[in-house]
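Below is one structure, written out as structure tokens; the observations come after it.
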Amino acid sequence: MLFDILPVLFSAVLSALTWNYFFIPPRFTFHIDKAQDVLMFLLYFVIALVNAVLSFKIRKAESKARDKEEKEKTIKLYNTLLNTLSHELRTPIATIIGAIDTLQISTNKLSPLQQSELLNEMDKASVRLNRQVENLLNMSRLESGFLKIKRDWCDGNELIYAVIQKQEQVFQTRFRFEPNEKLPLFKLDSGLIEQVLQNLFHNAIQYTPHDAPIEIVIKAENLNCIITVRDHGSGFPTSELESVFEKFYRLPHSKAGGSGLGLSIVKGFVEAHEGEVLLENNPDGGAIFTLIIPAETSFISNLKNE
């Protein structure tokens, strides 16, 4: 089952000889007295060889079919990636180039308000472009196996505040976050967790009405850092809850502006911390993402004592 044809044939021959030596009289010799025993030995030997050869051919056929399936998946993934990149990278690049051309050609004809609007569009497009490139690079790090966790002490409240500020500068979305004053410090890779939160917040922004808040809660429980992100959008179809973390997966009728990599990166980075991501629909509408990340905890006073 595990080796090439020569070891398989050798195994069949050795099996027949072993059976002869231990079970065909006279025992403990390779000599066979009776014709019926000779016939039985030859039949066993032939059946063992045929079984070995057929097992090898079946395994080879399965391997060939598996390789073909993987090749088809790779081609499909490549086409998906190509289509995604052609749209998701071209759109912000075209926006930036168009805005720059307009500013260069018509600077004297544009009012300060129009110039400000163009610069704002360029800023949004550059953020979108940077997010797509970061997602592609992060997915490459995950798949290559070169991702290394660099844990250090970090303040969970400050980490969330920093990500919220970056999102609000671009999307002007209302976040609801009450800092947990009793929260200890966590030993995490703050860079990766920041990327996780950015992707979760961006996903929530895409599907949450402007007047609905996005709620974030962080707490320490059973040596875990638990972060909950709750939005008030349309939620996910129950049948799709397990699929949303797959690469390049996007729900039907999804809004433009995503590559389907954000949530798969969330799952990959959290699992790199040996944690897990839970997704459920909010009974009041929307989705609830819960990050459960094992992490060493300590309070500032304890660190000073150390």
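Only the coordinates and a few stated rules stand behind these numbers; no lab work does. If you're wondering where the values come from, they're calculated on a predicted model, not measured in any experiment. Ideal geometry is used to build each Cβ from the backbone, glycine not excepted, and the neighbour counts take in all protein chains shown.
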Taking the Cα of A272, stepping 7 Å toward and past its beta carbon, and measuring to each backbone N in the range 194-234: which are under 16 Å? 194-200
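Please sort by residue number the chymotrypsin sites (Phe, Trp or Tyr not before Pro) in the range 29-77 whose DSSP state is loop and whose Cβ has at most 11 other Cβ atoms within 10 Å.
Taking the range 29-77 and a limit of 11 other Cβ atoms within 10 Å, the loop chymotrypsin sites (Phe, Trp or Tyr not before Pro) found are F30.
Which links in K166/K247; K124/K247; K71/K148; K182/K219; K187/K219; K68/K247 stretch past 18 Å when you go from one Cα to the other?
Numbers: K166/K247 25 Å; K124/K247 24 Å; K71/K148 29 Å; K182/K219 9 Å; K187/K219 14 Å; K68/K247 20 Å.
In this structure, K166/K247; K124/K247; K71/K148; K68/K247 exceed 18 Å between Cα atoms.
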What is the set of long-range amide H partners of C225 at a cut-off below 5 Å, with H atoms built 1.01 Å from backbone N? I293, A295
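Just add up the charged neighbours of D189: K/R +1, D/E -1, any other residue whose Cβ is under 11 Å from the Cβ of D189.
Numbers: positive: K148, K150, R151, K187; negative: D152, E194.
That works out to +2.
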Once L89 and S55 are pulled to full extension, the length gained, defined as 0.36 nm per residue separation minus their Cα-Cα distance, is 7.3 nm
